[in-house]
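Asks: Structure incoming, see below.
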Amino acid sequence: MINLPKKPPPSLMVFAGIPTAVLFSYYCFFKVGFNLTDFKENLENRYLVTDPLFNPKWSWAIENASEALVETIQIAILASVVGCFVALPLSFYASQTTNQNKISYFLYKSFLNLVRTIPDLFWAMMFTVAVGLGPFAGVLALVMFSLAIMGKLLSETIDSIDPGPLEAAKSSGASHNQSVFTSALPQVLPNFTAYFLYIFELCIRASVILGLVGAGGVGRIIETQRIFLRFDRISPIIVLILLVVILIEQFSVWLRRRIL
Amino acid sequence: MIKFENVGVVYPGGVKALDNINLEINEGDFVIIVGLSGAGKSTLLRSINNLVKPTDGDVFVDGKNVTNASKKELKQIRSDIGMIFQTFNLVNRSNVLKNVLTGRLSQVSTIRSITGLWPKEDKQIAFESLERVEILEKAYVRGSNLSGGQQQRVGIARALAQKPTVMLADEPVASLDPVTSRVVMSYLKKINQELGITTIVNLHFLDLAKEFGTRLIGLREGNLVYDGSVDDVSDADFENIYGRSIKSSDLIGEDD
């Protein structure tokens, strides 16, 4: 029989952490006024929403919303392409592996952080003021949205690449831009493609929401119908959006497998 | 000619990697630098092309001061110095030809290198370099699909594509098996003899150093403790360089 090492006792984190987490959750429930009685009472009025929701007006939706849905997809395509390709060079400046200048690294990183902190809905509201209501404002808002996500993901991927090939290019007398382009870029291209597809999916979903503030696409129709509580018209639109999202997701999964 | 004048390197954090090195390396020499890891071999090599900047003293390559060179001069000096690495440092996702063309970057405009519109002559030089290490048939194979020995030969071809006058090799065989190690070392030796390229190799296998080198430099804790012909070196010298007796792990061993 070998002498097994003694199993260490559960740490203080477990002893103190679990009760704290339970208490904290209970406190949160209490604070936000979560109670099942309200829920039960309100359920009696559910027919206002559920009846129309489960009686979708398909013909109306297809006739009136399909054009806007196509617009939503167009906004997403344009915005993710432009946003991601603008983010590509910026990411190399926002990584310490490819930008040794501490000041400019900090500036680029801060810029990306700033863009990311501002919610996409807020970008949309600003751009509807700047360029007027319509899909163009939506495109601009989602360009910022894509740029922020791509900048974050890609610059962190660049942080973790193998610096060896960069050193090799540098040692041969190559300029900084040349080294980055020939030695760093090929290392992150597969990631870039994967991130791009992911961001495109996010943009499809986000562009639906943007319509609510007047930035074009199918969200505009949802917003008008919601005001009149026409859930019988909204529910088929949501199903259509779901279909589009599933189709695009399948496509990007297929494409990702082919590329990577 | 490469000349070290009172060169010292202290890394941020206070680690003294090199201490007052004075050294001259003549054109066409095949020099092997030995020493334990941490003795300053890599630092010495990298101070020649200024990948590491000396904190004291100056390094001269062909009469040009590397340590004080401007950005533009430094690129010019570096373009004449080829370097190969322990971990090969190939871009695994790019094919062999693209990797070798990296060696031509300093001679080609940024626009051309980015768009891939390489001048015919540069492509020709890349192919010739691959031919010299007998791996031309792999020109369109991805770097990641090659064996370690093949990757290192591509590494040599990339350095050769610079048409260098000096070749630096930082532990070129440390990631390879004994047989492949000798193959790679013979290519370096052949290139040194046929093209007259001054070659400086860091090694930690003493038998390999004796087998291929002509001049041997020993480093211990950042100090130059041996400098002489390989033929004159004794076991006592090696023990002085290593600061301990020689173990079997210091030898790469015979092929079997």
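Asks: Determine whether region B:18-32 contains at least one residue that is out of contact with any Phe, Trp or Tyr (no Cβ under 7 Å at 6 or more places or on another chain), free of Cβ contacts under 8 Å to residues at least 60 places away in the same chain and under 17 Å from A:Ser179 (Cβ atoms).
Replies: The answer is no; no qualifying residue exists.
Asks: Would you list the helices (runs of 4 or more DSSP H) that sit entirely within region B:14-124 and hold 2 or more residues that are exposed (fewer than 15 other Cβ atoms within 10 Å of the Cβ)?
Replies: In region B:14-124, the matching helices (runs of 4 or more DSSP H) lie at B:71-79, B:110-115.
Asks: Identify, from the list B:Pro172, B:Pro164, the residue that is buried (at least 19 other Cβ atoms within 10 Å of the Cβ), in contact with a strand residue (DSSP E or B) (Cβ under 9 Å, 6 or more places away or on another chain) and within 11 Å of another protein chain (Cβ to nearest Cβ).
Replies: Numbers: B:Pro172 fails: within 11 Å of another protein chain (Cβ to nearest Cβ).
None of the others qualify; the one that does is B:Pro164.
Asks: Residues to consider are A:Arg233, A:Arg220, A:Arg205; find the one that is crowded, with 20+ Cβ neighbours inside 10 Å, in contact (Cβ under 8 Å) with a residue 12 or more places away in the chain and within 25 Å of A:Ala141 (Cβ to Cβ).
Replies: The unique qualifying residue is A:Arg220.
Asks: Name the residues in region A:162-177 that are within 17 Å of B:Asn95 (Cα to Cα) and within 7 Å of another protein chain (Cβ to nearest Cβ), would you?
Replies: Scanning region A:162-177 gives A:Gly164, A:Pro165, A:Ala168, A:Ala169.
Asks: To continue, here is another question. Residue check, B:Leu206 against (1) surrounded by 18 or more Cβ atoms within 10 Å (Cβ to Cβ); (2) within 14 Å of chain A (Cβ to nearest Cβ), all met but one. Which one?
Replies: The number of the failed condition is (2).
Asks: Give region A:101-126 a look and list any residue that's polar (S, T, N, Q) and either within 14 Å of A:Ala148 (Cα to Cα) or assigned to a helix (DSSP H, G or I) (or both), or say none.
Replies: Selection gives A:Ser104, A:Ser110, A:Asn113, A:Thr117.
Asks: Using the structure shown, decide if A:Ile246 is at pLDDT 85 or above and surrounded by fewer than 16 Cβ atoms within 10 Å (Cβ to Cβ).
Replies: When the stated conditions are applied, A:Ile246 passes them.
Asks: Quick test of your reading of the structure: B:Tyr187 fulfils all but one of (1) over 15 Å from the mean Cα position of the chain (by Cα); (2) at negative phi. Name the failing condition by number.
Replies: With (1) over 15 Å from the mean Cα position of the chain (by Cα); (2) at negative phi applied to B:Tyr187, the lone miss is (1).
Asks: In addition: Among the residues of region A:91-107, which ones are touching a residue at least 24 places away in the same chain (Cβ under 8 Å) and surrounded by fewer than 20 Cβ atoms within 10 Å (Cβ to Cβ)?
Replies: A:Gln96, A:Thr97
Asks: So for region B:173-190 (the condition being in contact with an Asp or Glu (Cβ under 7 Å, 6 or more places away or on another chain) and among the aromatic types (Phe, Trp, Tyr)), does at least one residue qualify?
Replies: no
Asks: Can I ask one more? For region B:52-85, what are the residues that are within 9 Å of chain A (Cβ to nearest Cβ) and either closer than 18 Å to B:Ile33 by Cα or small (Gly, Ala, Ser) (or both)?
Replies: Correct list: B:Ser79, B:Ile81, B:Gly82, B:Met83, B:Ile84, B:Phe85.
Asks: Then there is this: Consider B:Val225 carefully, then state whether it is assigned by TED's automatic domain parsing to the domain that holds B:Gly14, surrounded by 15 or more Cβ atoms within 10 Å (Cβ to Cβ) and either touching a Pro at 6+ places or on another chain (Cβ under 7 Å) or of a type in the set (Gly, Ala, Ser) (or both).
Replies: no
Asks: Only one of A:Phe39, A:Phe30, A:Phe54, A:Phe34 is exposed (fewer than 12 other Cβ atoms within 10 Å of the Cβ), touching a residue at least 40 places away in the same chain (Cβ under 8 Å) and more than 30 Å from A:Ser160 (Cα to Cα). Can you tell me which?
Replies: Of the residues listed, the single one that is exposed (fewer than 12 other Cβ atoms within 10 Å of the Cβ), touching a residue at least 40 places away in the same chain (Cβ under 8 Å) and more than 30 Å from A:Ser160 (Cα to Cα) is A:Phe54.
Asks: Specify which of the listed residues (A:Ser91, A:Ser59, A:Ser25, A:Ser80) is closer than 30 Å to A:Glu167 by Cβ and in a helix (DSSP H, G or I).
Replies: From the options A:Ser91, A:Ser59, A:Ser25, A:Ser80, the qualifying one is A:Ser91.
Asks: Which one is farthest from B:Gly196 (Cα to Cα) among residues in region B:74-95 that are free of Cβ contacts under 8 Å to residues at least 60 places away in the same chain and touching a helix residue (DSSP H, G or I) at 6+ places or on another chain (Cβ under 9 Å)?
Replies: Result: B:Arg93.
Asks: Let me ask something else. I'm checking my understanding of the structure. Among residues of region B:110-144 that are touching a strand residue (DSSP E or B) at 6+ places or on another chain (Cβ under 9 Å) and not basic (Lys, Arg), which one is nearest to the other protein chains (Cβ to nearest Cβ)? Break it down into steps so the answer makes sense when it comes.
Replies: We begin by selecting, within region B:110-144, every residue touching a strand residue (DSSP E or B) at 6+ places or on another chain (Cβ under 9 Å); these are B:138-143.
Now restrict to residues that are not basic (Lys, Arg): B:139-141, B:143.
On the way: B:Ala139: 16, B:Tyr140: 15, B:Val141: 15, B:Gly143: 9 Å.
Applying the filter and picking the extreme gives B:Gly143.
Asks: Let me ask something additional. Pull up region A:178-202, narrow it to residues that are touching a residue at least 24 places away in the same chain (Cβ under 8 Å) and at the interface with chain B (Cβ under 8 Å from one of its Cβ atoms), then point me to the one that is farthest from A:Ser80 (Cα to Cα).
Replies: That would be A:Gln187.
The values are calculated or read from the model by the stated rules, or taken from the named source; none is laboratory data. Predicted model, so just to flag it, every value in this text is computed and none were measured. Every residue, glycine among them, receives a Cβ derived from its backbone with ideal geometry; neighbour counts consider all protein chains shown.
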